[in-house]
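**Student:** A single structure is presented below for examination.
The values are calculated or read from the model by the stated rules, or taken from the named source; none is laboratory data. Everything quoted here is computed from the prediction, not taken from an experiment. Counting neighbours? That spans all protein chains shown, and the Cβs are built from the backbone with ideal geometry, glycine included.
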Ligand SMILES: Cc1ncc(COP(=O)(O)O)c(C=O)c1O
């Protein structure tokens, strides 16, 4: 039987994943510098508080609201501040599900969304699975990453429906500047586009520039429809509880929320226990975020210490987020370099090409990794670069 053409032609792993599977099966001890699952990075979660929150009597009640329970939305609104109200929000099971709802809301099959690149690679599939095409528009690096709003405008076609930005971006760490925000919202208003802003990492600024847009919610009345996405997977480092949300602002917000509620009503995918627990889980977030910020800073400083002894290698500024970009002489393809590190040094890193970093010469490191593993992994890897 023929399957949907939205799916990939095959499901073979790429060369790096295949090598990783083989080495793991052989029992090889690996130093994983890509780990970004916070539940496996040695943080100390307030277990009793979290488990108590997830096992109250309310978890046994079913009172479905396609927008999500009011107390949970109130807790999310209070977490964000900046005048956000429960009425502006719709809960989802994850940020990824938020994208799926928004792409269904905004596009017809064959329509396009513009995504500044490099960025989070999942967009291509999230768009394609909804029948849309994600069109990558290169950002450029000059002392820091910049959004190329001219190139974005030039890429708009009659089928373009939205622009998707990540603030701060994964993996470049770029926060939008206030100037870029003004240009971007102006462009979307002029060309009748929606603006999707993914702020899952906005609580993790590391080396922010003074003019950064800390959050799109600073703009109470944007000139175009704005959909902000976030969720507990990064805000409270709890990807396993599956709670995300979409905040809606700008022209048509009420109608957009009503249509989103219609879409969400077809699935009702957010589980009752997590909605009941949301206020307590969000209350626990600051303590977990503190530990994460300390880890990010410690690993960045360890990286700088080791790079000081390796004049051929540098790193790019990390304005925010959980990743660092390592720059190396581009003597071979990034993927070949990552494969070499894995096979010869037993160190796993991501090649920049996985995130569409231009050319060769970039490796992506997770700054969330346990500090000892991070230092040992780098000490082993750097001499091979
Ligand atoms: C930019 C970005 N958005 C969304 C997500 C996924 O979030 P969720 O677990 O809520 O789907 C990730 C995960 O790494 C991400 O990097």
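**Student:** Select from the range 192-208 the residues that are assigned to a loop (DSSP other than H, G, I, E, B), more than 15 Å from the ligand (Cβ to nearest atom), under 21 Å from residue 146 (Cα atoms) and modelled with pLDDT of 95 or more and list them in ascending order. Full working, then the answer.
**Tutor:** Restricting attention to the range 192-208, the residues satisfying the condition of being assigned to a loop (DSSP other than H, G, I, E, B) are 192-193, 199-204, 206-208.
Those still in the list that are more than 15 Å from the ligand (Cβ to nearest atom) too: 192-193, 206-208.
Filter again for under 21 Å from residue 146 (Cα atoms), leaving 193, 206-208.
Within the range 192-208, 193, 206, 207 meet the criteria.
**Student:** State whether the residues of the range 95-104 include one that is assigned to a loop (DSSP other than H, G, I, E, B) and in contact (Cβ under 8 Å) with a residue 40 or more places away in the chain.
**Tutor:** Quick first cut of the range 95-104, residues assigned to a loop (DSSP other than H, G, I, E, B) only: none.
There is no residue in the range 95-104 that is assigned to a loop (DSSP other than H, G, I, E, B) and in contact (Cβ under 8 Å) with a residue 40 or more places away in the chain.
**Student:** Read through the list (1) assigned by TED's automatic domain parsing to the domain that holds residue 178; (2) surrounded by 16 or more Cβ atoms within 10 Å (Cβ to Cβ); (3) touching a helix residue (DSSP H, G or I) at 6+ places or on another chain (Cβ under 6 Å); (4) over 23 Å from residue 325 (Cβ atoms), then give the number of the only condition that residue 53 fails.
**Tutor:** Failing condition for residue 53: (1).
**Student:** Continuing with this model, one more query. If only one of 214, 221, 284 is part of a helix (DSSP H, G or I) and more than 16 Å from the ligand (Cβ to nearest atom), which one is it?
**Tutor:** On the way: 214 fails: part of a helix (DSSP H, G or I); 221 fails: part of a helix (DSSP H, G or I).
Going through 214, 221, 284 in turn, just one is part of a helix (DSSP H, G or I) and more than 16 Å from the ligand (Cβ to nearest atom): 284.
Residue-by-condition table, conditions (1) under 25 Å from the mean Cα position of the chain (by Cα); (2) outside the structural domain of residue 39 (by TED's automatic domain parsing); (3) in a helix (DSSP H, G or I); (4) under 16 Å from residue 32 (Cα atoms):
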position	(1), (2), (3), (4)
303	yes, no, yes, yes
326	yes, no, no, yes
353	yes, no, yes, no
360	yes, no, no, no
368	yes, no, no, yes
375	yes, no, yes, yes
379	no, no, yes, yes
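**Student:** Taking only pairs six or more apart or across chains, which ones have beta-carbon atoms under 8 Å, a first residue in the range 229-254 that is over 12 Å from residue 196 (Cα atoms), and a second residue that is modelled with pLDDT under 95 and crowded, with 22+ Cβ neighbours inside 10 Å?
**Tutor:** none
**Student:** Tally the residues that are within 16 Å of the ligand (Cβ to nearest atom) and more than 24 Å from residue 324 (Cβ to Cβ), restricting the search to the range 115-145.
**Tutor:** Of the residues in the range 115-145, the ones within 16 Å of the ligand (Cβ to nearest atom) are 115-127, 129-130, 134, 136, 139, 145.
Going one step further and asking which of them are more than 24 Å from residue 324 (Cβ to Cβ), we end up with 125-127, 129-130, 134.
Number of matching residues: 6.
**Student:** Next question. Which condition breaks for residue 151 when tested against (1) away from the ligand (no atom under 16 Å from the Cβ); (2) surrounded by 22 or more Cβ atoms within 10 Å (Cβ to Cβ)?
**Tutor:** Only one criterion is unmet by residue 151, namely (2).
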